[in-house]
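K.L.:
Okay, handing you the structure first.
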Amino acid sequence: MPKLTIEELEKLREEARKTTFIREQGQFRAKINVHMGTCGLAAGARHILNAFLQEIEKRGLTDVLLTTSGCAGLCSREPMATIEIAGQAPVKYIDLTEKKVEEIFEKHIQGGEIVTAYALGIGSEKTDLS
Amino acid sequence: MAVEKEKLYRVHLMVCAGTGCVSNHAFEIKEALEKEIKRRGLEKEVKVVTTGCNGFCERGPLMVVQPGNIFYQMLTVKDIPYLVEEHLLKGRPVKKLMYQPPEEKTPVPVLSEINFFKKQVLVALRNRGLIDPEKIEDYIARDGYKALVKALTQMTPEEIIHEVTISGLRGRGGAGFPTGLKWQLVRNAISPDNEKYLVCNGDEGDPGAFMDRSILEADPHSVIEGMLIGAKAIGATQGFIYVRNEYPLAVKRILIALDQARYYGLLGHDILGTGFDFDIRVVRGAGAFVCGEETALLASIEGRLGEPRPRPPYPAEKGLWGKPTCINNVETWANIPVIIDRGGKWFASIGTATSKGTKVFSIVGKINNTGLVEVPMGITLREIIYDIGGGIPGGKKFKAVQTGGPSGGCIPAELINLPIDYESLTAAGSMMGSGGMVVMDEDTCMVDVARYFLSFTQDESCGKCTPCREGTKAMLDILTRITEGKGTEEDLGLLEELADTIKEASLCGLGKTAPNPVLTTLRYFRDEYIAHIQDKKCPAHVCRSLNVYKIDPQICFEKGHGCDVCRRNCATDAIIGSKGEAHKIDQTKCIKCGVCFDVCHFGAVKVE
Amino acid sequence: MIEAKVSDILNRYARDESSLIAVLQDLQEEYSYLPREALEQISKEMNVPLSRILSLATFFKAFSLKPKGKHPINVCLGTACHVRGAQLILEKFERELGIKTGETTQDLLFSLEAVRCLGCCGLAPVVMVGEEVHGKVTQTKVPAIIKKYKK
Amino acid sequence: MITVTIDGKKIQVEEGTNILKAAEKLDIKIPTLCYHPLIEPYAACRVCLVEVTLRGKTELVTACNTKVQEGMDIQTTSPRAVQSRRLNVEMLLARAPAAEPLQRLAREMGLEKPRFPVRDPQEKCILCGLCVRACEEIVGACAISFVDRGIERKVMPPFGEPSVACIGCTACAYFCPTGAITYEDKYGRKVIHDELYLGPSTAIRVPIRQAVPMVPFIDEKACIHFKTGRCQLCAKVCDRQAINHEMEDEVIEVEVGSIIMATGFKPFDARRIPAYGYGRLSNVITALEFEHLVNASGPTGGKILLTNGEEPKSVGIVHCVGSRDEHYNEYCSRVCCMYSLKFAHLIKEKTKAEIYDFYIDLRCFGKGYEEFYHRLLEEGTKFIRGRVAEITDLALTKEEEGKLIIRVEDTLLGVVRRIPVDMVILATGLEPSVDHNQIAKIFNISCSQDMFFLERHPKLAPVSSFSDGIFLAGCCQGPKDIPDSVAQAGAAAAEALALADKGVFALEPVTAEINEELCSGCQICIGLCPFKAITYDREKDISVVNDALCKGCGTCVAACPSGAAQQRHFRDRQIMAEIEGLLIL
């Protein structure tokens, strides 16, 4: 599509942003942290991660950050993910499946409503560090 | 050039592919990463992006993991499998590959927390490490060509020039001429056939300076966009980017960027459908420092000898092929899009009263964090050297910093609180120059440094005018004499006399500034000259003719048991002795190369 | 042979003087020096006086009128390298190769040049052999570097 | 006009004037080395530095390329300027200690020896680039250029070899202020390098010394402008703007009533007599060359010198070179005897040389000529009667070494002599001019046996030719000295004037006519008519005689196959009647 018009340039910018936004240190509306320790991986955390990724891509969101972290400590309830909406306390979800991910994404991340059925609890553990 | 639709990845690995890191095998790291990611089946989630220079060259090869801004440094191919498994698979950043400041015990994981990066304000380098310089889409995503749209659709040439004028931007190539004023001059200049040219000076010749290279490598489109805006402002239809041929990577990336911009119609005829025409050609330099001087550069673009000509007429009136020509340096052009996008006032809010905005410096020499930094004008030398540069290695004493390359001068340790701007540097006898900073510690001989810079300018003098051609040679002869212990006190007077005349009488900037390193070292470090002349000693043990290498027999025998390493490494068989006994140096054979000093593990070799 | 190559290079550019330096650069890349016949041909075909070509060819450091070695060794004498002892490295190379700076070994394997700043100041002192960069070089590492390319 | 102050004096100069020229107007001299008014300023030597204050800013600028601006205050002798200039000269002196203008400048500044090491005491080049710029800007040859850079910089043709681009104009040497570029005087011209031989050394010259009119001309073959399209310096420096390179040769048609031929002669080419060694032996010269030599405005300023620059101690003058010689010209050239005597007299007057005159007969026929000959005898010129057989430099005895030996039979003594001399002057004779054959054809003039133009009658019509209205003057008719030439020219002019004065011309009635009825139009007569008097009338298909051109020679009458051509006064009928009359007697 050579020879851009000004509108096309803006469209191209929007497109490009959809894939590069994660490099920015800007403010994200929501942060998803998939716990990927050995146990998490064994329990299928990979699929959960991919499911979240697909949701973001499908919706073309640039304000939702997807990260991973190590073992969350509760190995029996893996795969787990922590979702944090800016300004709110983080929520840990347990025993995730791809189907649950879709629901959580729709209701919690997009709708702002915690899906209590899958949630372990709100807030994080207290630590001495940091 | 078909554009593939980009996929969303959860992780971007930003591998630095600037010249420094490439020299450190960054591309091998990239290949290893890709191989390992594939092996682990992560190729759909993790993307490897090669970026331009990140600035922290000392620690290369470098990689930043996004999101999270996790900074890895000094990577080797061996580290990669572990790094991929731990960080990308298990989500556990690898501490041992992170940067650990010398004075602290714990590594710093996040890039923005590292002192080297913390104090920097990125304007010209705004995209470094964040985009793939070979992808125009990455640049566009970060508001690239937004300023161009604004300039083309909402601003008149006068408004553009006005915006640049109120920004207070001054030429970043060295002389610090107000950019807005220069543009106005070129705009006002009359060209018989209405043709005007625009040139980007990327002939970065100062040894120890590499900011232009870095910008061209990391963010070529910012320069192209700046030139497009400049072209609209002054009414030019053709631009040239003059790049040193010693920077092959920069040449390659700028050529790719030009192709991409042309593909999208951001260069050529009827840009973005606004009826504006402009195109850019790349001209490679061929190895002559003097071509950084604007009239010499223009001659060289025309295919003539890179020899300066008298000014006036200035290029703004009569430049390339006699037409009005606007020459700005790479960094200046890269600043333009931001100024247009965010407004001149915003830019002017950074910096000092007379020096606005930020400046890119390369800090090299005897410093812990060698690299490229962008800082607001007015920052003190101390902040740059200690806070950003991490101080002097090995706990040595800071002696001086040389700014402005061969045209600049040495600023002594006493002036460490000097704020960095055009005026204060000039007052201190140095200059801003293109932004090279060479840090020197107590082991640096200032006479040798002066001699070094003079040998550089003498070697690079084009030979046209008498003072520069003959004068620098005469000065170099004297300095060489002094470093060999053959100097006399009259020599200092003659040096000063020569320096004054060369400064006043030379044709171009190269000659006019060539004596600066000598003049400033004479001003601040006269005692070192005197030591060379009167005591025939080099206090820093750098001037080899004045050094004497000796082996302490006691240490050699007791600690090293006559290890014989020095004898085996000696180039001239000047070391006498055999294994198990104390060694000796035959001074008649010694060429003072210092190898024995370097190889002795026991400190038995001494320099006097 | 040379004639065809030169024509090939000339065809890459517009035949006006502003392309002259680029043509010479390509020629230098092709042959590692500027052969006399080639310069004479360029002069004729580009309609540029030979004297002007010669003055360019001797002015710019990138050009050489004499053949270069197979492995050009460029020792960086930039500021950062200088303060970290690059001069000694250069002299070590001179001694090891038995040639002076600017010369080529008899077997046409190496030529030794001093250059001003390769832009890798973080790795000072730096030596570039062909395209390969060697950083943080010491005098004792020099023989090994030479040996690597002797094969 | 712009007002500036130079050394405290105010002056008004035109806009665009450089400081150097402005100062010149006040008789203030600023030293320069790399500046030349005909070449673009280069500002490289930096010895014309002056201190300039403009709008409160004071700086050193080069006077050669800085244009004056309103309100400039220029100090040519400020301590700062003087100091910088002096040091620049000192530095240059260390580079080129043998450069004379530099030495002079240094002495004026009170400099004896430079404080910097001298690399080459013989060096003269100060790298001012005038040669390079002249070769490029003015000549357009681009045969030389700067090579290398910085302290290694030098001027050279490509690869240091004689350049194919060089046109041998020696402009480089001309503009070189220090004599660092030299040329040799060879083949009678300046030679920059041996591979080149390109005609005479200057393109603008006077045809010969003492030429009349004394007007120079541009030799297109030697002129740079006609080779490269550049230069035109002569036009730039000519105040009267008398030079126009665009001018071309043109053919002018003039209708005249009569023509005086004065096409002159050419001197005999002495090379044709190999035994005399002309062109091979350097001190054997021709009479004309001696005239150049002895001329006060000549190459030696009128001094009689040998090629080695010394005065000759003995000179031989050989008469009758190419004249009175059955191998070349049998006739006597008439002037050689007398000019040879003049030469002998001049040599005697200017040098103390011994003079030998080798003659066959001395022909001193004019008024006062014999007396001149007697004076020469008294002056001690040695006259030897006999034709010179050979001139050689092969010495047989010690006295002959390094000399030219004239071998001659002294017919008065009847012995063969070898006479060693330093210089030989060949008294070359006069020959018809190079193109006399063509001229003769165009004007229908007959030539005599010696190939000079033939007069109508040696006694009764010595200045007329056989063509009416064409007269002869001077040596085109035969060898003559100046008085004879002048006399004949006067006579020719009088003849021409007589025609013009009358305005009408009475034709001889004895001309041919063609009877229209008998003429078959065969045109045989047209080809035969020596005076081109018959033309062909296409309409009537007959030949027609032009009465004004016909000389009544009768050729056409004799040749006409149909008897259509008849000669008035000599018609067949009349001739037959005459024959009959004779037979009756």
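K.L.:
Just give the residues from segment B:48-67 buried by at least 30 square angstrom of accessible area in the all-chains context relative to the isolated chain, probe 1.4 Å, and say none if nothing qualifies.
P.N.:
B:Glu58, B:Gln66, B:Pro67
K.L.:
Continuing with this model, one more query. Given a 1.4 Å probe, how much area per residue of chain B is accessible, in Å²? Numbers along the way, then the final one.
P.N.:
On the way: 20600 Å² over 608 residues.
For chain B, the per-residue accessible area is 34 Å².
K.L.:
To the nearest 20 debye, what is the magnitude of the charge dipole of the protein assembly as shown about its Cα centre, counting +1 on the Cβ of each Lys and Arg and -1 on the Cβ of each Asp and Glu?
P.N.:
Details: 180 positive and 192 negative charges, 1003 e Å.
It works out to roughly 4820 debye.
K.L.:
Report the convex hull volume per residue for segment A:26-126, counting only C-alpha atoms, in Å³. The partial results should precede the final answer.
P.N.:
Values: hull volume 9.4 nm³, N = 101.
Given the Cα convex hull of segment A:26-126, per-residue volume reads 93 Å³.
K.L.:
Provide C:Thr138, B:Thr325 ordered by accessible surface of protein heavy atoms (probe 1.4 Å), highest first. Intermediate results must be reported in sequence, preceding the final value.
P.N.:
On the way: C:Thr138 55, B:Thr325 5 Å².
Of C:Thr138, B:Thr325, the descending order of accessible area is C:Thr138, B:Thr325.
K.L.:
According to the Kirkwood expression over distinct Cα-Cα pairs, how big is the hydrodynamic radius of the protein assembly as shown, in Å? Working shown, then result.
P.N.:
Numbers: mean 1/r = 0.0247 Å⁻¹.
Here the Kirkwood hydrodynamic radius works out to 40.4 Å.
K.L.:
Take every DSSP beta bridge whose two residues both sit in chain B, then give the antiparallel share in percent to the nearest 5.
P.N.:
That works out to approximately 55 percent antiparallel.
K.L.:
Report, in whole Å, the centroid distance computed from the Cα atoms of segment D:546-585 and segment D:283-346.
P.N.:
Segment D:546-585 and segment D:283-346 have Cα centres separated by 56 Å.
K.L.:
Let me ask you something else. Please give the residues from segment C:50-69 for which the solvent-accessible area of heavy atoms, probe 1.4 Å, is smaller by at least 50 Å² with all protein chains in place than with the chain isolated.
P.N.:
In segment C:50-69, residues shielded by partner chains: C:Ser51, C:Arg52, C:Leu54, C:Ser55, C:Thr58, C:Phe59, C:Phe60, C:Lys61.
K.L.:
Right, next: Given H placed 1.01 Å from N in the peptide plane, which residues other than close sequence neighbours of D:Ser433 have an amide H under 5 Å from its amide H?
P.N.:
Answer set, sorted by chain and number: D:Lys266.
K.L.:
Also, I was wondering about something else. Put +1 on the Cβ of each Lys and Arg and -1 on the Cβ of each Asp and Glu in segment C:2-59; which of C:Tyr31, C:Ile21, C:Ala4 then has its Cα farthest toward the positive end of the dipole?
P.N.:
It is C:Ile21, whose Cα lies furthest towards the positive end.
K.L.:
Express in whole angstrom the spacing between the alpha-carbon centres of segment B:312-356 and segment D:429-478.
P.N.:
Centre-to-centre distance over Cα atoms comes out at 85 Å.
K.L.:
So, one more: In Å², rounded to the nearest 100, what is the total accessible surface buried by chains D and B against each other with a 1.4 Å probe?
P.N.:
Working: alone 33980 and 25200 Å², together 56770 Å².
Adding both sides of the contact gives about 2400 Å².
K.L.:
Could you work out the relative contact order of chain B? I mean the mean sequence separation of Cα pairs under 8 Å and 6+ apart, divided by the number of residues, in percent. Walk me through the numbers on the way to the answer.
P.N.:
Values: 1289 pairs, mean separation 69.1, N = 608.
Dividing the mean separation by the residue count of chain B yields 11 percent.
K.L.:
Would you work out if segment B:228-308 is rounded, prolate or oblate? Take a ≥ b ≥ c from the square roots of the eigenvalues of the alpha-carbon gyration tensor; rounded if a/c is under 1.5, else prolate when a/b is larger than b/c, oblate otherwise.
P.N.:
Oblate shape, in that a/c is at least 1.5 and b/c is the bigger or equal ratio.
K.L.:
Also: To the nearest 10 degrees, how steep is helix C:50-59 against the longest Cα principal axis of chain C, on a 0 to 90 scale?
P.N.:
Taking the Cα atoms of chain C, the angle to C:50-59 is about 10 degrees.
K.L.:
Among D:Ala564, D:Ser446, D:Tyr356, whose Cα sits farthest toward the positive end of the charge dipole of chain D (+1 at Cβ of Lys/Arg, -1 at Cβ of Asp/Glu, about the Cα centre)?
P.N.:
Value computed over the given set: D:Tyr356.
K.L.:
What total accessible area, in Å², is buried where chains B and A meet, using a 1.4 Å probe and rounding to the nearest 100?
P.N.:
Numbers: alone 25200 and 8490 Å², together 30320 Å².
Counting both chains, the buried surface is close to 3400 Å².
K.L.:
Can you give the Rg to Rh ratio of segment B:454-608, both from alpha-carbon atoms, with Rh computed by the Kirkwood formula? If you can, show how the numbers build up before the last one.
P.N.:
Values: Rg = 20.4 Å, Rh = 17.7 Å.
Ratio of gyration radius to Kirkwood radius for segment B:454-608: 1.15.
K.L.:
Over segment B:11-114, what is the relative contact order in percent, taking alpha-carbon pairs closer than 8 angstrom and at least six residues apart? Walk me through the numbers before you get to the answer.
P.N.:
Working: 168 pairs, mean separation 29.3, N = 104.
Normalised by residue count, the contact order of segment B:11-114 is 28 percent.
K.L.:
Would you mind working out the magnitude of the charge dipole of segment C:71-150 relative to its Cα centre, with +1 at each Lys and Arg C-beta and -1 at each Asp and Glu C-beta, to the nearest 20 Debye?
P.N.:
Values: 10 positive and 8 negative charges, 61 e Å.
Its charge dipole is roughly 300 debye.
K.L.:
What number, in percent, do you get for the relative contact order of chain D if the mean sequence gap of Cα pairs under 8 Å and at least 6 apart is divided by its residue count? Could you put the intermediate results ahead of the total?
P.N.:
Working: 993 pairs, mean separation 46.9, N = 585.
That works out to 8 percent.
K.L.:
Distances over 17 Å make up what percent of all Cα-Cα pairs in segment D:230-375? Intermediate results must be reported in sequence, preceding the final value.
P.N.:
Numbers: 7732 of 10585 pairs.
Value for segment D:230-375 (Cα pairs over 17 Å): 73 percent.
K.L.:
Can you give the three extents of the C-alpha atoms in segment B:64-114 along their principal axes, from longest to shortest, in whole Å?
P.N.:
Cα spread of segment B:64-114 along its principal axes, largest to smallest: 30, 23, 14 Å.
K.L.:
I'd like the accessible area for D:Leu497: 1.4 Å probe, protein heavy atoms, all chains in place, Å² to the nearest 10.
P.N.:
Rounded to the nearest 10, the figure is 120 Å².
K.L.:
Treating only the Cβ atoms of Lys and Arg (+1) and Asp and Glu (-1) as charged, compute the dipole magnitude of chain B about its Cα centre; round to the nearest 20 debye. Before the final figure, lay out each step's value.
P.N.:
Values: 74 positive and 77 negative charges, 224 e Å.
The calculation lands at about 1080 debye.
K.L.:
On alpha-carbon atoms, Rg over Rh for segment C:2-59 using Kirkwood Rh? All intermediate terms of the calculation are to be shown ahead of the outcome.
P.N.:
Numbers: Rg = 9.8 Å, Rh = 11.0 Å.
Reported Rg/Rh, Kirkwood definition of Rh: 0.89.
K.L.:
While we're on this one: Rounded, prolate or oblate: which one fits segment C:51-122, using the alpha carbon gyration tensor with axes a ≥ b ≥ c (rounded when a/c is under 1.5, else prolate when a/b beats b/c, else oblate)? Write out the running numbers ahead of the final one.
P.N.:
On the way: a/c = 2.54, a/b = 1.26, b/c = 2.01.
Judged from the Cα gyration tensor, segment C:51-122 comes out oblate (a/c at least 1.5, b/c at or above a/b).
K.L.:
Please report the equivalent ellipsoid semi-axes of segment B:446-535, computed as sqrt(5 x eigenvalue) of the Cα gyration tensor, largest first, in whole Å. Numbers along the way, then the final one.
P.N.:
Numbers: eigenvalues 94, 27, 24 Å².
Here the semi-axes work out to 22, 12, 11 Å.
K.L.:
C plus D alone minus the pair: what accessible area, both sides summed, probe 1.4 Å, in Å² to 100? Let's see the in-between values first.
P.N.:
On the way: alone 8920 and 33980 Å², together 41760 Å².
By this definition, chains C and D bury close to 1100 Å².
K.L.:
Using only Cα atoms, locate the centre of segment D:242-256 and the centre of segment C:5-74, then give the distance between them in Å, rounded to an integer.
P.N.:
Segment D:242-256 and segment C:5-74 have Cα centres spaced 49 Å from each other.
K.L.:
When DSSP assigns beta bridges and you keep just the ones with both residues in segment A:26-126, what percent turn out antiparallel, to the nearest 5? List each step's numbers first, then the result.
P.N.:
Values: 11 of 17 bridges.
For segment A:26-126, the DSSP antiparallel bridge percentage is about 65.
K.L.:
Please report the equivalent ellipsoid semi-axes of chain B, computed as sqrt(5 x eigenvalue) of the Cα gyration tensor, largest first, in whole Å.
P.N.:
On the way: eigenvalues 374, 241, 80 Å².
Working from the Cα gyration tensor, I get semi-axes of 43, 35, 20 Å.
K.L.:
Another one. Where in segment C:117-139 does accessible area fall by at least 50 Å² between the isolated chain and the complete protein assembly, at a 1.4 Å probe radius?
P.N.:
Listed by number, the residues meeting the 50 Å² cut-off are C:Cys117, C:Gly119, C:Cys121, C:Gly122, C:Leu123, C:Gln139.
K.L.:
Further question on the same structure: Counting only protein heavy atoms, what percent of the accessible surface of the protein assembly as shown is carbon or sulfur at a 1.4 Å probe? Kindly include the intermediate steps, with their values, before the conclusion.
P.N.:
Details: 34680 of 66050 Å².
Accessible surface attributable to carbon and sulfur in the protein assembly as shown totals 53 percent.
K.L.:
Also, quick follow-up: Pop out the ³J(HN,Hα) list for segment D:390-396 in order, Karplus 6.51 cos²θ - 1.76 cosθ + 1.60 with θ = phi - 60°, rounded to Hz; leave Gly and Pro as x.
P.N.:
These are the phi-based 3J(HN,Hα) values: 7, 10, 9, 10, 7, 7, 9 Hz.
K.L.:
Considering chain C as a Gaussian network with a 10 Å cut-off on Cα pairs, which listed residue, C:Lys44, C:Lys70, C:Lys100, attains the greatest mean-square fluctuation?
P.N.:
C:Lys44
K.L.:
Quick one: longest stretch of chain D between exposed loop chymotrypsin sites (Phe, Trp or Tyr not before Pro), exposed meaning at most 15 other C-beta atoms within 10 Å and loop per DSSP? Kindly include the intermediate steps, with their values, before the conclusion.
P.N.:
Working: sites that count: D:Tyr187, D:Tyr197, D:Phe365, D:Phe505, D:Phe570.
Result for the longest clean stretch: D:1-186.
K.L.:
If you don't mind, there's one more thing I want to ask. Please turn the phi angles of segment B:520-535 into ³J(HN,Hα) values with the Karplus equation 6.51 cos²θ - 1.76 cosθ + 1.60 (θ = phi - 60°), one per residue in order, whole Hz, x for glycine and proline.
P.N.:
6, 5, 5, 6, 9, 10, 4, 4, 5, 4, 4, 4, 5, 7, 7, 8
K.L.:
Given B:Lys503/B:Lys537; B:Lys473/B:Lys512; D:Lys9/D:Lys29; A:Lys92/B:Lys38, which pairs have Cα atoms separated by over 21 Å? Walk me through the numbers on the way to the answer.
P.N.:
On the way: B:Lys503/B:Lys537 30 Å; B:Lys473/B:Lys512 14 Å; D:Lys9/D:Lys29 14 Å; A:Lys92/B:Lys38 30 Å.
Pairs exceeding 21 Å: B:Lys503/B:Lys537; A:Lys92/B:Lys38.
K.L.:
I would also like to ask the following. First obtain the Kirkwood hydrodynamic radius of chain D from its Cα pairs, then insert it into the Stokes-Einstein equation at 37 °C and 0.692 mPa s, and state the resulting D in µm² per second as a whole number.
P.N.:
Values: Rh = 31.3 Å.
Rounded to a whole number, D works out at 105 µm²/s.
K.L.:
Mind checking the per residue accessible area of segment A:26-126 for me, 1.4 Å probe, whole number of Å²? Working shown, then result.
P.N.:
Details: 4790 Å² over 101 residues.
Dividing the accessible area of segment A:26-126 by its residue count gives 47 Å².
K.L.:
Still on this model: Helix-only mean residue ellipticity at 222 nm, chain D, DSSP H runs n ≥ 4 weighted -39,500 (n - 2.57), per residue, nearest 500. What is it? Before the final figure, lay out each step's value.
P.N.:
Details: 15 runs with 137 residues, N = 585.
That comes out to -6500 deg cm²/dmol.
K.L.:
Next question, about the same structure. Measure nothing but the geometry: give the 0 to 90° angle between the long axis through the Cα atoms of D:482-502 and the longest principal axis through the Cα atoms of chain D, rounded to 10°.
P.N.:
The helix D:482-502 is inclined about 60 degrees to chain D.
K.L.:
Moving on. Nearest-5 percent of antiparallel DSSP beta bridges in segment B:234-330? Show your work: numbers first, answer last.
P.N.:
Working: 2 of 8 bridges.
Bridges in segment B:234-330 that DSSP calls antiparallel: roughly 25 percent.
K.L.:
So for segment C:61-122, taking the charge dipole from beta-carbon charges (+1 Lys/Arg, -1 Asp/Glu), which of C:Cys120, C:Asn74, C:Leu90 sits furthest toward the positive end?
P.N.:
Ranked along the dipole, the leading option is C:Cys120.
The values are calculated or read from the model by the stated rules, or taken from the named source; none is laboratory data. Only a predicted model underlies this, so the values are computations on that prediction, with no experimental measurement involved. Neighbour counts are summed over all protein chains in view; Cβ atoms, including those assigned to glycine, are modelled from backbone coordinates with ideal geometry. All accessible areas refer to the heavy atoms of the entire protein, side chains included, with ligands and DNA or RNA removed. Shrake-Rupley method; radii C 1.70, N 1.55, O 1.52, S 1.80 Å.
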